Each structure stands twice: as C-alpha cells, then as structure tokens.
1. Give me a count of the residues in the stretch A:39-54 that are open to solvent by less than 60 Å² (accessible area, probe 1.4 Å) and at pLDDT 95 or above.
2. Scan the stretch B:61-72 and tell me whether some residue there is modelled with pLDDT under 90 and in a helix (DSSP H, G or I).
3. Where residues in the stretch A:124-144 are among the hydroxyl-bearing types (S, T, Y) and open to solvent by less than 20 Å² (accessible area, probe 1.4 Å), which of them is nearest to A:G28 (Cα to Cα)?
4. Could you check the stretch A:187-213 and list, in sequence order, the residues that are within 15 Å of B:L53 (Cα to Cα), facing chain B (nearest Cβ under 7 Å) and surrounded by 24 or more Cβ atoms within 10 Å (Cβ to Cβ)?
5. Those residues that are more than 7 Å from chain B (Cβ to nearest Cβ) and among the β-branched types (V, I, T), I need them from the stretch A:76-114; list them, please.
6. Please state which of the following conditions A:G57 fails to meet, knowing it meets all the rest: (1) among the small types (G, A, S); (2) on the phi < 0 side of the Ramachandran plot; (3) open to solvent by 40 Å² or more (accessible area, probe 1.4 Å).
7. For A:S164, state whether it is in a helix (DSSP H, G or I), modelled with pLDDT under 90 and farther than 18 Å from B:V39 by Cα.
8. Only one of B:L85, B:L59, B:L89, B:L98 is hydrophobic (A, V, I, L, M, F, W, C), under 13 Å from A:I161 (Cβ atoms) and open to solvent by 40 Å² or more (accessible area, probe 1.4 Å). Can you tell me which?
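The values are calculated or read from the model by the stated rules, or taken from the named source; none is laboratory data. Just so it is clear, the structure is predicted and the values come from calculations on it, not from any experiment. Positions of Cβ are backbone-derived with ideal geometry, glycine not excepted, and every protein chain shown enters the neighbour counts. The protein model used for the area step is the full one, side chains on, heavy atoms only, and it has no ligands, DNA or RNA in it. Shrake-Rupley method; radii C 1.70, N 1.55, O 1.52, S 1.80 Å.
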Amino acid sequence: MKSPVVRQAFIKSVPVMAGYVVLGIGFGILLRNAGYGALWAFAMSAFIYAGSMQYVGVGLITGGASVITTALTTLMVNARHLFYSISMISRYRNAGKYKPYLIFALTDETYSLLCDGKTPEGVDPNLYRFLVSFFNQCYWVSGSVLGSLLGTVLPFSTEGIEFSMTALFIASFTEQWITLRDHIPAATGLASTLLCLVIFGSESFLIPAMLLITLILTLLRGRMTEDRSKVSGQTEEKILPADISDREEAEI
Amino acid sequence: MRTAVLVAVMALVTMLLRFLPFIVFRKKVPGYVVYLGEVLPPAIIGMLVIYCLKDVDLLSGSHGIPEMIAAACVVALQAWKRNSLLSILAGTAVYMLLVQAAF
C-alpha cells in the first residue's frame, strides 16, 4: 500500500475485520441453509448492509413475512441508525462526492470508528472516512459470500470471536472517556441503556433507551453548553471549526 | 421474486433511516442538532456496549464471568496503551480462550 491514506484507513479498519468476516460467514451459512445462495448473500450484504437486520431478514424471508411486516421490523431493528446519522450531520456535512456512500455505510462499527471526528494528519479526511467505511463493507460482503460458498463453519473453532465487536465498542468507550473531559454523555448512555434493559427486557429496550438518552441530554443542554464553552479548544479542537460554521449557518 | 421484494424493502427502509436526518437538515442545521452531534457519540457508544452485552446471563451458565474478565482487559489495555487494535485483539483472544477452554 503506497498511499498513506489507504494505509491509515486500512489500519483503522482492522479491528472490524475479524468480527465482520466471521459474522458475515455466519450470515452466509444461515442464508444458504434457508435455501438462498451466494448471489443473495452478496446482494443483501451489498444493499442492506446492516448486520443484525440481515440475520433477522433471513427469518422474515423464510417465514413468509409480508411487505408491511418486513418494513416495520426493519424500522424497529434499525431505528438506531437515525441516531447515528443525526450525530454525524456536522462531520459529514462537507464530504462532497463521498457523502452518499458515507451515509449509506454508517453501521454500528463504522460509526464507532469514525464518530470521534478524528482523522490522521495530512490526509483528506473525507477520503479517509470513505476508505474506512468501504473496507468495512468489503469485510462484511466477503464474509457473507464466503460463508455461503463454504456452507460450513471454519475448520478451527471461532467460538467467542463475536466478542471482537463488543471489545471494539468497549475500547472506543474507554478512549472517549479518557479524551473527553465531560463524562456526562457517556455515563448517560451507559446508565440509560442499562436501566431500559432491566425495565423492558433484552428484546425491546433499545428504542426506549434512545428516547431516554435524548431526553436526558436535551434537559442537560443548558449546563453542557456552558461547560463546553469553558473547555472548548482543549478537548475538541478537531470538531469545533465545523461546528462553529454550522452554528453560524443555523442562525442565518 | 417475493424474496427480492423483501430484500429491497429491507434495503430501502434501512437507507431511509440513514439518510433521513441528512435530508431533513440539508440546508440549515439547528443549534439543537449540532449539540446532539456533540453529546450523542459517547452516549451511543455507551448504549452499544450494553447492547452487545444484553444477552449475558448473570444468574446461570458462566454468569457473565468471561465477559467481565475480557471487558476489564480491554478497558485496562486501552487506558494503558491507548491502542484500540491491541485492546480489541487481546480482549477477544482472552474471551475466546475463556469460553473455549475454561467455561
């Protein structure tokens, strides 16, 4: 890899590789056992590109779900993507020709790699984000097709490798906790979701959790804006310029 | 054919969810949304951590011990070395070892 931006983006995407390839293989096998071959695996991973939804989707397809049921299920399972997009509006604002793909490819994992807004020095940030997103989708699509073609699990035990996705989020959480001085948003996310998990159970806690997080952070807005203006320039230099231009634009 | 329709519906609804905020706020971004863009990322990552661990059963099976040990390794390594790749690989290796060999 001669181009530094390609190398940097590849390195950034490596933590997602193992998880996506293995979970992709799992999806490919599931789909094949349901009677749909590699072309379907490719199509679903290329066009839907939402991991948990594709697993649910296999059930919808084989279970004879209606269009309405499929649409509503997708809406419920993927509602969190609204959340990701809302929080990336400022960062993807000036992404130009890369913007549509960046938005399309915003999975949980890609989001967690790119949401801190940091990009390496001296590379085109939008090209970098595009490449990270694209590499991740390549892993997912390759895994899906491979699983469909192999039809069986890999010759060695991969039990537990799905933890790499959990580890990715935990590492990202820890890193943000260290970097950001304001720990309220992170603690709000953790505590609200835990509370909703206990109250609503593991099947339906995510949407209440998102509403609760939004509600709490909205109520705390006054406090944090004040707080932020005090520490701005130290913790979020990368984000600030874009945000200022957005604020100005918002006031026009 | 029916399968193709369902796949298309899943793809379109997912795309709609991802593109909707960008379409709604394509011209002006209200200050409130800018604020959400600042505070949501750490909150969402916190949410995803819990989301990944939602099926861990503390009362039976391995009582979530492998998850707790592996998660602690990731946090400790990340705090110490600040290298995500290292933390993730080591944490996953510890977890795989625990579930395959110890529990």
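1. Within the stretch A:39-54, the first condition is being open to solvent by less than 60 Å² (accessible area, probe 1.4 Å), and the residues that meet it are A:41, A:43-46, A:48-54.
Filter once more, keeping what is at pLDDT 95 or above: A:41, A:43-46, A:48-49.
Here the count works out to 7.
2. Taking the stretch B:61-72 first, the residues modelled with pLDDT under 90 are B:61-62.
Restricting the remaining residues to those that are in a helix (DSSP H, G or I) gives none.
For the stretch B:61-72, residues modelled with pLDDT under 90 and in a helix (DSSP H, G or I): absent.
3. In the first step, residues of the stretch A:124-144 are kept if they are among the hydroxyl-bearing types (S, T, Y); the result is A:128, A:133, A:139, A:142, A:144.
From what is left, the residues that are open to solvent by less than 20 Å² (accessible area, probe 1.4 Å) are A:128, A:133, A:144.
Details: A:Y128: 29, A:S133: 21, A:S144: 4 Å.
Of everything passing the filter in the stretch A:124-144, A:S144 is nearest to A:G28 (Cα to Cα).
4. Residues satisfying the conditions are A:G189, A:T193, A:A209.
5. Hits for the stretch A:76-114 are A:V77, A:T107, A:T110.
6. Going through the list (1) among the small types (G, A, S); (2) on the phi < 0 side of the Ramachandran plot; (3) open to solvent by 40 Å² or more (accessible area, probe 1.4 Å), A:G57 breaks only (3).
7. Values: in a helix (DSSP H, G or I): yes; modelled with pLDDT under 90: yes; farther than 18 Å from B:V39 by Cα: yes.
It is true that A:S164 is in a helix (DSSP H, G or I), modelled with pLDDT under 90 and farther than 18 Å from B:V39 by Cα.
8. On the way: B:L85 fails: under 13 Å from A:I161 (Cβ atoms); B:L59 fails: under 13 Å from A:I161 (Cβ atoms); B:L98 fails: open to solvent by 40 Å² or more (accessible area, probe 1.4 Å).
None of the others qualify; the one that does is B:L89.
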